[in-house]
1. So which strands (runs of 3 or more DSSP E) are wholly in region 155-267 and hold at least 3 residues that are modelled with pLDDT of 85 or more and either on the phi < 0 side of the Ramachandran plot or surrounded by 15 or more Cβ atoms within 10 Å (Cβ to Cβ) (or both)?
2. Tell me, please, whether a residue that is farther than 20 Å from SER102 by Cα and modelled with pLDDT of 95 or more can be found in region 30-41.
3. Among the numbered conditions (1) among the charged types (D, E, K, R); (2) modelled with pLDDT of 95 or more; (3) surrounded by fewer than 18 Cβ atoms within 10 Å (Cβ to Cβ), tell me where LYS52 comes up short.
4. Across region 114-150, what is the total count of residues that are assigned to a helix (DSSP H, G or I) and at pLDDT 95 or above?
5. Pick from SER170, SER151: which is of a type in the set (S, T, N, Q) and touching a residue at least 24 places away in the same chain (Cβ under 8 Å)?
6. If I go through region 140-170 residue by residue, how many of them are over 24 Å from PRO63 (Cα atoms) and hydroxyl-bearing (Ser, Thr, Tyr)?
Amino acid sequence: MLKQVLFCEIIRLINAYFTNDFNFWLTKVYGSDVQATLDRSDLGPSGSFGGKRYRNQKLTKNPIIFVHGVSNTAGEQPLVGASYFLSSGYDWSELYGTTYASGSEGNPMQWVKYSMDCKYVKQVRALIVAVRLYTGRSVNIIAYSLGVPISRKAILGGLCVDTEENLGNSLTNSIDTFIGIAGPNHGVQLKIGETNIPACMFSLLPICNQQTGLFSGLCPKESTFLTITARIKGQNGEKVYDEKNHEQTFRDSLPVQRKMILYHIVI
């Protein structure tokens, strides 16, 4: 019981915006527009978290950036993950998250309206670059669900598939460890009863479109976005769960994530 109470208290304490120091640094270095885009104060306490308490605070570990899934916010799975790492010896200055898009907005079907737009990729990439410069250390990424391909594209750089904006060069040299959890790397199958339906059957939905959606590998081809991000060069470990749902895969793998980050091993 005490352990559960302490864990809940940690979640409550970390449920906040970026620290004043990080917000001040973002505004000074990138301007108020970028600061607002990353801080997401418009979403309240679930919009973001992370940052030093004071400018000269020293980090003892490489920072971790958590990237949420479709129609989620930084205050959901990323906060759960950050709270676990906080209870395992990390400091808030080493844990970061922002919210791309606007979460579920109270609509359980909101997820079908989202896709892997360039603006979301740019936001995640901006946080990676900012945390790298702000802390002066290599960055770890823990991405979940739709956040996996979005994070991969943010790291890879190059041209956005929808706007053809040039994101810049690869950020691979700034990344220590990348962990992708329950990511739709080759598209999705929607389920109707006991029947699996390829996403291309619903290509009019934003989440399933052929360009920036989860157009499934069971279709004649994958979406343009997934064709780029599904390649996993340099992968050196994986963990497969056979009997867990989407949410459980994230929560139950937290000890595995920690070992991957700290020791570069898969247990």
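The values are calculated or read from the model by the stated rules, or taken from the named source; none is laboratory data. Everything numeric in this text was worked out from a predicted model, so none of it was measured. No Cβ is skipped: glycine too gets one built from the backbone with ideal geometry, and neighbour counts run over all protein chains shown.
1. Details: elements: 175-181, 189-192, 195-198.
Counting at least 3 such residues, we get 175-181.
2. Initially, region 30-41 is screened for residues farther than 20 Å from SER102 by Cα, giving 30-31.
So of that shortlist, the ones also modelled with pLDDT of 95 or more come out as 30-31.
Yes - at least one qualifying residue is present in region 30-41.
3. Looking at each condition in turn, LYS52 falls short on (3).
4. The initial filter retains those residues of region 114-150 that are assigned to a helix (DSSP H, G or I), namely 118-135, 147-150.
Subsequent filtering for residues that are at pLDDT 95 or above retains 122-135.
Residues meeting the conditions: 14.
5. Working: SER170 fails: touching a residue at least 24 places away in the same chain (Cβ under 8 Å).
Every option except SER151 fails the conditions.
6. Here is the first cut: in region 140-170, the ones over 24 Å from PRO63 (Cα atoms) are 158-166.
The next check asks that each one be hydroxyl-bearing (Ser, Thr, Tyr); those that pass are 163.
Qualifying residue count for the region: 1.
Residue by residue, here is whether (1) at pLDDT 70 or above; (2) more than 28 Å from HIS264 (Cα to Cα); (3) surrounded by fewer than 22 Cβ atoms within 10 Å (Cβ to Cβ) holds:
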position	(1), (2), (3)
VAL5	no, yes, yes
LYS28	yes, yes, yes
ASN56	yes, yes, yes
VAL80	yes, no, yes
TYR84	yes, no, yes
